[in-house]
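Inspection log for the structure reproduced underneath, given as structure tokens.
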Amino acid sequence: MFTPKYPPQDTAPLGTTTAPTAHTPVPIQPTAPAPASAAPVSNRPTVQLTPASALALAAGGGAVVLVVGAVMVSLLLAVAITGVSVAVVAVVLRLLIKDLHKH
């Protein structure tokens, strides 16, 4: 996936036309095209999952989901507790200010 992809080499015949030169021209012999090579073999190892490794992978994924879920619930709980405590403080301050204005 991250290996560079190179374009195929030119397959045009070599030397079909020549420019006139001052010395004796040498006849150009057409060369036979190179045989097509087979598809390159990948050097990467293949991954084969056995039933035990598939079970371990599923258990690891489940553990990650449980840990992320616990963190998210604890963050939500922290926000809820903070909101309730701010609301209680606001009510107490309002009562104190109202009581201060009466006396």
How much FRET efficiency would the formula 1/(1 + (r/R0)^6) give for Ala56 and Ile81, where r is the Cβ-Cβ distance and R0 is 30 Å, rounded to 0.05?
0.20
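May I ask you to derive the FRET efficiency for Val47 and Thr3 from their Cβ-Cβ distance with R0 = 22 Å, giving the value to the nearest 0.05?
Working from the Cβ atoms, E equals 0.80.
Only the coordinates and a few stated rules stand behind these numbers; no lab work does. The structure displayed is predicted, hence computed values, not measured ones. Every residue, glycine as well, gets a Cβ built from its backbone with ideal geometry; the counts of neighbours run over all protein chains shown.
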